[in-house]
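The values are calculated or read from the model by the stated rules, or taken from the named source; none is laboratory data. What you see is a predicted model, and the numbers here were worked out from it, not measured in a lab. Because the Cβ atoms are built from the backbone with ideal geometry, glycine has one as well, and the counts that use them run over all protein chains shown.
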Amino acid sequence: MGHDVVRVQDIDALGPGVSDEDIAEYARRRDRLVLSQDHHFFSEIDPAETAGVLAQRNQRLSARNVGLIIDEIATHLPQEAVVLEYVSPNWL
């Protein structure tokens, strides 16, 4: 699908146990969207101060469907227009 995806645990500067604030700051500095299944992420971080947040509340979605949903979102919304968008089957 052509998306450049990096997992937090694979980034040497972050790694397991890193704070949400550090993730948001890292993503903002690199103009990267954050895909999060953690609903607490949004209570601690103002999505308007990030490069954008994709919120996945339905953890039963397969990785393939998440990819398809993100691809569909990207078709309709340029990255700079994303502040907080929910990754849900409604996009399929």
With respect to Asp71, determine if the residue is on the phi < 0 side of the Ramachandran plot and of a type outside the set (A, V, I, L, M, F, W, C). yes
Would you check which residues across segment 77-92 are in contact (Cβ under 8 Å) with a residue 40 or more places away in the chain, surrounded by 14 or more Cβ atoms within 10 Å (Cβ to Cβ) and more than 14 Å from Gln37 (Cα to Cα) and list them? Val82
Based on this model, can you work out whether Asp12 counts as outside any helix (DSSP H, G or I) and touching a residue at least 24 places away in the same chain (Cβ under 8 Å)? no
Output for segment 16-40, where each listed residue is among the small types (Gly, Ala, Ser) and over 23 Å from Gly67 (Cα atoms): Gly17, Ser19
Hey, can you tell me all the residues within segment 1-29 that are under 12 Å from Thr50 (Cα atoms) and surrounded by 10 or more Cβ atoms within 10 Å (Cβ to Cβ)? Asp20, Glu21, Asp22, Ile23, Ala24, Glu25, Tyr26, Ala27, Arg28
Here are the criteria: (1) at pLDDT below 90; (2) closer than 25 Å to Leu92 by Cβ; (3) in contact with a helix residue (DSSP H, G or I) (Cβ under 9 Å, 6 or more places away or on another chain); (4) not charged (D, E, K, R). Tell me which single one Ile45 does not satisfy. (2)
If you scan segment 30-44, which residues turn out to be loosely packed, with under 14 Cβ neighbours inside 10 Å and among the basic types (Lys, Arg)? Arg30
Please verify whether segment 23-30 includes one or more residues that are more than 16 Å from Val8 (Cβ to Cβ) and modelled with pLDDT under 95. no
Considering residues that are without any contact (Cβ under 8 Å) to a residue 40 or more places away in the chain, surrounded by 13 or more Cβ atoms within 10 Å (Cβ to Cβ) and in a helix (DSSP H, G or I), the number found within segment 48-67 is 2
Any idea which of (1) without any contact (Cβ under 8 Å) to a residue 12 or more places away in the chain; (2) surrounded by 10 or more Cβ atoms within 10 Å (Cβ to Cβ) is the one Ala74 doesn't satisfy? (1)
